[in-house]
Amino acid sequence: APHRLIERFKTLLESSYHIAGDVQFYADKLFVTPSYLNTVTKRVLGQKVGVLIRERRLLEAKRMLAITTMDIQEIAFFLGYNELAYFSHFFKKHVAVSPSMFRNSNLHMS
């Protein structure tokens, strides 16, 4: 049962990472408690749900910054951030550079 839950979580994450960033959303959709979902993902995948959501959102942000011409504000909005400043802070905190610096460094590498 835990592995089935993980597969359902992964599928849900892929379809919803851009609209929901909180553990409660995923737990509700999977009909489990946030605590149980965290316990299972930690045991099976080695990480808590919040980390998995954050990593998926960061991966998509990096991909979009590197290969699209969308404005950073459009990317932030697509990923569920209503405030550009919050998205920029989130991105810089986890990637160590601002979204614009990340995009510029990728343009020079292409």
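Tabulated data for the structure shown
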| item | result |
| --- | --- |
| Degrees between helix 34-45 axis and first principal axis of the chain (Cα, 0 to 90, nearest 10) | 80 |
| Inter-site label distance for Asn82 and Val95 at 7 Å from Cα along Cβ, in nm | 2.3 |
| Over the chain, volume per residue of the alpha carbon convex hull, in Å³ | 106 |
| Structure-based [θ]222 nm, the chain - -39500 (n - 2.57) summed over DSSP H runs of at least 4, per residue, nearest 500 | -23500 deg cm²/dmol |
| Overall form of the stretch 60-110 per C-alpha gyration tensor (a/c, 1.5; a/b vs b/c) | oblate |
| Cα-based helix-to-principal-axis angle, 2-16 vs the chain, degrees rounded to 10 | 30 |
| Among Ser16, Phe90, Leu30 - extreme Cα towards positive end, dipole of the chain, charges at beta-carbon | Leu30 |
| Dipole magnitude (debye, nearest 20) for the chain, charges at Cβ of Lys, Arg, Asp, Glu | 440 |
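Laboratory data are not the source of any read-out in this text; all were calculated from the coordinates shown. Being a predicted model, the structure only gives us computed values, none of them experimental. Positions of Cβ are generated from backbone atoms using ideal geometry, with glycine treated the same way; all protein chains shown enter the neighbour counts.
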